[in-house]
Amino acid sequence: MSMAKALNSGLRRAMADNDKVLLMGEDIGRLGGVFRVTEGLQAEFGEKRVLDTPLAESGIVGTAIGLALRGYRPVCEIQFDGFIFPGFDQITSQLAKLTYRHEGSATMPVVIRVPYGGHIGAVEHHQESPEAYFAHTAGLRVLSPSNPHDAYWMIQEAIASDDPVLFFEPKSRYWPKGDVDTEAAGIPLHSSRVVREGSEVTLVAYGPSVSLALQAADIAATEGTSLEVVDVRSISPLDFEPIVASVQKTGRVVVVQEAPGFVSVGSEIAATLTERCFYNLEAPVLRVTGFDTPFPPAKLEAVYLPDADRVLEAVDRALAY
């Protein structure tokens, strides 16, 4: 199934299993969401469990905090990535800190779903990658599936968590289909995973960049270069063990992301790998990222976002050392 369908199925299963789970967001009910991820759920579960909210992200998150304190498990949809900033204060100042503030006596089982990233031909506020803001904020879990199987299971596991979860859904991966095992998740929620074995260079990616890394690995293979690809899956907490093991094997690593590179998730991965794998590295840790500018007009999207050529150019630089 597609990732959008997998998320829809995962939400449906979570709502059927627990009547305290409810969905809230702009146009998620009757319309089924801009990307149709919640399509049909209001008709099935009713308007009291799938709520169309006012256009007020701060109000959506603030209301979800109150509902969580009353024992509910709200799942909020932020319609587009760039719309999350009106709710930023509620997320970082309140949602992330209430459990700590109450010394563990108050749990915050709130999930905030965020369609993010590029490749849909839109403009700023509709194609951004704000994940680093939230990975930097203590008290939040930050996830990003790259395929339908992970999306199906990770959304359910996020809802089951007693901690607040930022769930970043790559818009460019909503429609491609993949196999989904509805009987078993396969690996724990906060685990990184090697999705392609290789021997010469490790590509580390998450969310929308995993498919790009796999594409680059396919091209490299035709040229006789063996690339290993690691899907991070969980941005915070981040499981470094599979990444470290891969880098110890290959000796070279390129980190790929759509977000700007300065003070980013990729920066943290690069710094940690340099600390932990210094004597294994045959070349500096390299990063392929979006540029440190606001997201450009749609016609410049292909210039701004990383592509296979940029990834392979970084691979060549790593191999040249």
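The values are calculated or read from the model by the stated rules, or taken from the named source; none is laboratory data. A quick note: this is a predicted structure, and the numbers were derived from the prediction, not measured. Heads up, the Cβs are rebuilt from the backbone with ideal geometry, glycines too, and the neighbour counts pull from every protein chain shown. Side chains included, ligands, DNA and RNA excluded: accessible areas come from the protein's heavy atoms. Shrake-Rupley method; radii C 1.70, N 1.55, O 1.52, S 1.80 Å.
Each peptide in 4-16, 138-150, 296-308, 83-95 gets a packing score, the mean of other Cβ atoms within 10 Å over its residues, and the list from highest to lowest is 138-150, 4-16, 83-95, 296-308. Remark: relative contact order (the range 22-175) = 22 percent; criterion is Cα-Cα distance under 8 angstrom and separation of 6 or more residues. For the chain, the solvent-accessible area with a 1.4 angstrom probe is 42 square angstrom per residue.
Measuring how big the range 55-98 is from its alpha-carbon positions, Rg and Dmax come out at 10.0, 29 Å. Computed from backbone phi, the HN-Hα couplings of the range 34-41 come to 4, 9, 6, 5, 9, 4, x, 6 Hz, rounded to whole numbers (Karplus: 6.51 cos²θ - 1.76 cosθ + 1.60, θ = phi - 60°; Gly and Pro given as x).
Using only Cα atoms and rounding to the nearest 10 degrees, what angle (0 to 90) does helix 241-250 make with the longest principal axis of the chain? The angle comes out near 20 degrees. Calculated mean residue ellipticity, 222 nm, the chain: -10000 deg cm²/dmol, from DSSP H runs (n ≥ 4) at -39500 (n - 2.57) each, averaged per residue and rounded to 500. Rounded to a whole number, what % of the accessible area of the chain do carbon and sulfur atoms account for, probe 1.4 Å? In the chain, the share of accessible area belonging to carbon and sulfur is 53 percent. Amide H contacts of Val21: Arg73, each under 5 Å away and 5 or more positions distant or on a separate chain (H built 1.01 Å from N in the peptide plane; Pro and chain starts excluded).
For the range 13-53, calculate the relative contact order in percent as a whole number, restricting contacts to Cα pairs under 8 Å that are 6 or more residues apart. Reported relative contact order: 41 percent.
One entry in (i) 36, 20, 18; (ii) 32, 26, 18; (iii) 34, 20, 19 is semi-axes √(5λ) of the Cα gyration tensor in Å calculated from the shown coordinates; its label is (iii). For Arg196, the residues 5 or more places off, or on other chains, whose built amide H falls under 5 Å of its own are Val229. Note on the range 160-227: with charges restricted to the Cβ of Lys and Arg (+1) and Asp and Glu (-1), its dipole about the Cα centre is near 220 debye. Charge dipole (Cα centre; +1 on Lys/Arg Cβ, -1 on Asp/Glu Cβ; no other charges) of the range 1-137 amounts to roughly 520 debye. Residue-wise HN-Hα couplings along the range 113-123, as the Karplus relation 6.51 cos²θ - 1.76 cosθ + 1.60 with θ = phi - 60° gives them from phi, are 7, 10, x, 9, x, x, 6, 10, x, 10, 10 Hz; Gly and Pro carry x.
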